[in-house]
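The structure appears below as structure tokens.
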Amino acid sequence: MNKVFTLLLILISSVVYAQKTGSVSGRIIQSKDKTPIDYASIAIKSLKDSSVIGASTTATDGKFVFKNLQPGTYRLYAAFLGLKNSTKDFTILADKTDVNLGDLV
């Protein structure tokens, strides 16, 4: 009985440990002149249950990165006062963990 319990515990631990996390990155730019937007507000929500996964602002070069995302489907929200809000859906897969959204207007 003890051996079965130990084997089961090892199997469950390896499955949980094997799940990879991913990241999403990109850059927010202005539509008129394609210049980066610094300090734009960025948020990520899970499309499964609409829970907020994370929020941040872009760097001075307009870039952002979110790490440690579990496999799933998400929606990125970008906003900056005086400019049109932007959204972009993306998926983190077990075999494609890093997603680059490129330039977002």
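If I filter the stretch 30-83 down to residues being basic (Lys, Arg) and either free of Cβ contacts under 8 Å to residues at least 12 places away in the same chain or in a strand (DSSP E or B) (or both), which single residue comes out as farthest from Gly102 (Cα to Cα)?
Just the residues of the stretch 30-83 that are basic (Lys, Arg), to begin with: 32, 34, 45, 48, 63, 67, 75.
Next, only the ones that are either free of Cβ contacts under 8 Å to residues at least 12 places away in the same chain or in a strand (DSSP E or B) (or both) stay: 32, 45, 63, 67, 75.
On the way: Lys32: 17, Lys45: 19, Lys63: 9, Lys67: 16, Arg75: 15 Å.
Once the filter is applied, the top-ranked residue is Lys45.
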Going by the conditions given, is Leu101 part of a strand (DSSP E or B) and either at pLDDT 95 or above or loosely packed, with under 13 Cβ neighbours inside 10 Å (or both)? yes
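The values are calculated or read from the model by the stated rules, or taken from the named source; none is laboratory data. Here the structure is a predicted model, which is why all the values come from computation and not from measurement. Every residue, glycine as well, gets a Cβ built from its backbone with ideal geometry; the counts of neighbours run over all protein chains shown.
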